[in-house]
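I have placed the structure first, in the form of structure tokens, so that the comments after it can refer back to it.
The values are calculated or read from the model by the stated rules, or taken from the named source; none is laboratory data. Since the structure is predicted, the reported quantities are computational estimates derived from the model, not experimental observations. Note: ideal-geometry Cβ built from the backbone for every residue, glycine included; neighbour counts use all protein chains shown. Each accessible area value is taken on the protein alone, full model and side chains, heavy atoms only, with ligands, DNA and RNA left out. Shrake-Rupley method; radii C 1.70, N 1.55, O 1.52, S 1.80 Å.
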Amino acid sequence: MKLEQELKLQAWLDGEASPDEAREVEQLLANDAHFAALAGELRMSKGILAGSEPEAVKLPESREFYFSKISREIERLERQPAPAARSVWASAWMRILAPVTGVAALTLILSLPDRSNTGVDETENTIKESTVIQFHSTTEKMDVIWIHSDVDPMPDVSSPDLSTKPDRDDNN
Amino acid sequence: MASPLDYPAATDVQLVAAAQKGDMLAFEELVARHRDKVYARAFSMVRNEDEAVDLSQEAWVKAWQRLTQFQGEASFATWMTRIVINLCLDHLRKAKRQRAESIEQLDEELGGVERQMPVVSLNPSEGLERTELRKRIDRAMGQLSYEHRTVLILHEFEEMEYKQIAKVMGCSIGTVMSRLFYARRRLAGLLMALKREENR
Amino acid sequence: MTTISQARFLRLVVLLGALVAGGWVSAFAAAVELKLQAQLVWGTNERVSSEAGLKEVDTALQARLRNVFKWQTYYEITRKPVAVTTAKPQTAKLSDDCTIEVKQLAANRIEVKLIGKGRPVVTHTLELRPATPLVIGGDDKNNTAWFVVITQTDKA
């Protein structure tokens, strides 16, 4: 049974399947015992959770104490001056000023906000069907970006064809 | 002269309107009314009391700052819940980036184990009283990864559609569907395991 | 020459000197190159015949990858040097299906875009840290995996 069919089954149970998907699921339910058993399990899970959200935990703080921290933070934020808007011309000025002026200009440039260096690593996942997981291994000192494809195997980067020699351009 | 607002008796709509004009007492009444629910949602996601308190307070501060954006398209409680859910998701994502994790652990979260699980055919909630069932669900939810727990909370308890969940979690609808699928399967397995444990 | 003219002349010399220094420093800053290396690596738990001609990655990288990922053996498929400056981004083709584009954004900050079969897969921006490679990976067929390992080669 393919994952794709299992997800259609789930969508059907959740009322999110298209008419075509619903027909496909109904056919599978009629002809595939394992599929029908899985439907039973998913229905059961849904049924157990429905209306059975765990008891809401109560806030462990008194009304006054809890709100005092909120109002203090609001007051603090309202007292702060609004941050200066980053100038879209800052980068352009940096390019124009640096080769033309001298030490004084360098001082000015160094004190301008460097927008390209936020110090935060960022990842943009450009394939909708995949999930990108990012972590840093502190033991191996390695930054890892793992691309997991949820629906179809990721077809885009292939493993080597073991029948051919690899193309390698050594740095040595 | 307009009569002063009777805060405890006022509706949420009246309180929001007053708070939007800067009435801090009206805002305090809103906090008092909805603080438990907002805190509970934060706790269900992060499973840590201190963090849930901080995140829920941060949500209230953000709500104050964005009050003028609230137009009443959803209830105030729903709007607040969305704010705290987004803060919790940001918090969980940051925490996950800082932890070293093995790829096997991640693989499990992504469904490697669940794909091999046999179908659970017995009902693990059979014979349980509601309170007991809720406790068991709570224990099982605590053992899920944050992605699995979040998607279950958003779909089953916040009753959000796949599309809305995808937007909130910042992922594709396909990702939501597979996470929800694996989360449900994992939950069924965990509930069965808890049932077997308690029957011993 | 009068004292005032001498002072004015000296000021002009200092200003010209500062202009030259400023120009030189900024030109130097723009030309500082980041030397990187990109490796396409294949991870597998299957035995691979020596006739396939695959070379394993170096011992240190082998150990690090094994400690993080579940595969036992890691083979180097391609290795390419990548040198970038803020003015000159670089593209490295690691296989018929895999290309990376690297841009230098700031002194130690780069953007890496992975392109698979002509389609952008992921773009990652990071602060380079000494001896801390970036590893981008994903599942491949038959329970194997591919990895792109990017290391800085001009710093230990």
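What the table shows:
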item: Residues (modelled with pLDDT of 80 or more, within 22 Å of C:V112 (Cβ to Cβ) and of a type in the set (A, V, I, L, M)) located in segment C:46-84; result: C:V57, C:A60, C:L61, C:L65, C:I77, C:V82, C:A83, C:V84
item: Of all residues in segment C:43-63 being in contact (Cβ under 8 Å) with a residue 40 or more places away in the chain and not in a loop (DSSP other than H, G, I, E, B), the one that is farthest from C:D140 (Cα to Cα); result: C:L61
item: Hey, B:E101 facing chain A (nearest Cβ under 10 Å) and at pLDDT 85 or above or not; result: no
item: Per-region count, segment C:114-149, residues over 18 Å from C:T44 (Cα atoms), assigned to a strand (DSSP E or B) and open to solvent by 10 Å² or more (accessible area, probe 1.4 Å); result: 6
item: Matching residues in segment A:1-20 - criterion: being within 7 Å of chain B (Cβ to nearest Cβ) and open to solvent by 40 Å² or more (accessible area, probe 1.4 Å); result: A:E16
item: Options C:G22, C:G43, C:G17; residue that is within 7 Å of another protein chain (Cβ to nearest Cβ) and either in contact with a Phe, Trp or Tyr (Cβ under 6 Å, 6 or more places away or on another chain) or modelled with pLDDT under 90 (or both); result: C:G22
item: Hits in segment A:21-77 - residues which are open to solvent by 30 Å² or more (accessible area, probe 1.4 Å) and touching a residue at least 24 places away in the same chain (Cβ under 8 Å); result: A:D32, A:H34, A:R43, A:K46
item: Given (1) outside any loop (DSSP other than H, G, I, E, B); (2) over 12 Å from the mean Cα position of the chain (by Cα), number of the condition C:K103 does not satisfy; result: (2)
item: Top-ranked residue of segment C:74-96 - restricted to ones that are closer than 20 Å to C:D139 by Cβ and crowded, with 18+ Cβ neighbours inside 10 Å, ranked as farthest from the other protein chains (Cβ to nearest Cβ); result: C:Y74
item: Counted residues, segment B:50-83 - those being farther than 17 Å from B:R33 by Cα, open to solvent by less than 40 Å² (accessible area, probe 1.4 Å) and under 15 Å from the mean Cα position of the chain (by Cα); result: 2
item: Close pairs (6 angstrom Cβ cut-off, 6 or more residues apart or separate chains): in the same structural domain as B:F70 (by TED's automatic domain parsing) in segment B:82-94, of a type in the set (F, W, Y) anywhere; result: B:L92/B:Y146
item: Members of segment C:97-113 that are more than 8 Å from every other protein chain (Cβ to nearest Cβ) and either open to solvent by 10 Å² or more (accessible area, probe 1.4 Å) or free of Cβ contacts under 8 Å to residues at least 60 places away in the same chain (or both); result: C:T99, C:E101, C:K103, C:Q104, C:N108, C:E111, C:V112, C:K113
item: Segment C:34-73, subset within 22 Å of C:V102 (Cβ to Cβ) and among the polar types (S, T, N, Q), residue surrounded by the most Cβ atoms within 10 Å (Cβ to Cβ); result: C:Q39
item: Extreme residue, modelled with the lowest pLDDT, among residues of segment B:35-48 that are surrounded by 15 or more Cβ atoms within 10 Å (Cβ to Cβ) and charged (D, E, K, R); result: B:R47
item: Answer from B:A18, B:A26, B:A32 - the residue that is open to solvent by less than 50 Å² (accessible area, probe 1.4 Å), in the same structural domain as B:R82 (by TED's automatic domain parsing), farther than 19 Å from A:R63 by Cα and out of contact with any Ser or Thr (no Cβ under 9 Å at 6 or more places or on another chain); result: B:A18
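One line per residue, one yes/no per condition, for (1) modelled with pLDDT of 90 or more; (2) closer than 24 Å to B:K94 by Cα; (3) open to solvent by 10 Å² or more (accessible area, probe 1.4 Å); (4) not in a helix (DSSP H, G or I):
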site	(1), (2), (3), (4)
B:E132	no, no, yes, no
B:E156	yes, no, yes, no
B:K163	yes, yes, yes, no
B:R185	no, no, yes, no
B:A188	no, no, no, no
B:L191	no, no, no, no
B:E197	no, no, yes, no
